[in-house]
Amino acid sequence: MNSNQSTKTFKLRDVLTLSTGRALSVDKDENTSMDPLYDILEHVTGIRPTTISLGESARSVRPDIFAAFPELKAVNQHLYELDMMVMQGKNMGISSVVSGNAWVKRCEDEWEMKESYDISPGLTKRLNESEPELSM
């Protein structure tokens, strides 16, 4: 990892994509996008995950993200509500992006989450450090 990297600001919806495992990130055209998740993971670990390792990479950094931003873990108790909003929206012909937007707004308004998060490079060292060898 380049030690000269600075803290980066990530949108709440992108940080929630990491912390909840739900696809809440969107591109400039308001289509679901996983690119911000790749960007956050690369920023905190120094390694850009492959598509096949994306989920495992996200799960492995969550404890460090939750330690730095406890409110992100607390919001996970409301995931059922998000899932219901998406399912009910689909039944009414509303896209999951629109439902996701409403839930992110609710995170800001009702649960007083920030619109964006400043995340330091190397927030987690777990993926950069090699595991010590076990001796038999």
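Every read-out reported here was derived from the displayed coordinates using simple, explicitly stated rules and does not represent laboratory data. What you see is a predicted model, and the numbers here were worked out from it, not measured in a lab. Note: ideal-geometry Cβ built from the backbone for every residue, glycine included; neighbour counts use all protein chains shown.
When the residues of the range 39-86 are filtered to those that are in contact (Cβ under 8 Å) with a residue 12 or more places away in the chain and among the polar types (S, T, N, Q), which remaining residue is nearest to K114 (Cα to Cα)? Checked the range 39-86; the qualifying residue nearest to K114 (Cα to Cα) is N76. Scanning the range 72-100 for residues that are in contact with a strand residue (DSSP E or B) (Cβ under 7 Å, 6 or more places away or on another chain) and not in a helix (DSSP H, G or I) yields a count of 0. Could you list all residues from the range 4-48 that are over 15 Å from V86 (Cβ atoms), in a loop (DSSP other than H, G, I, E, B) and in contact with a Pro (Cβ under 6 Å, 6 or more places away or on another chain)? Listed by number, the list holds a single entry, Q5.
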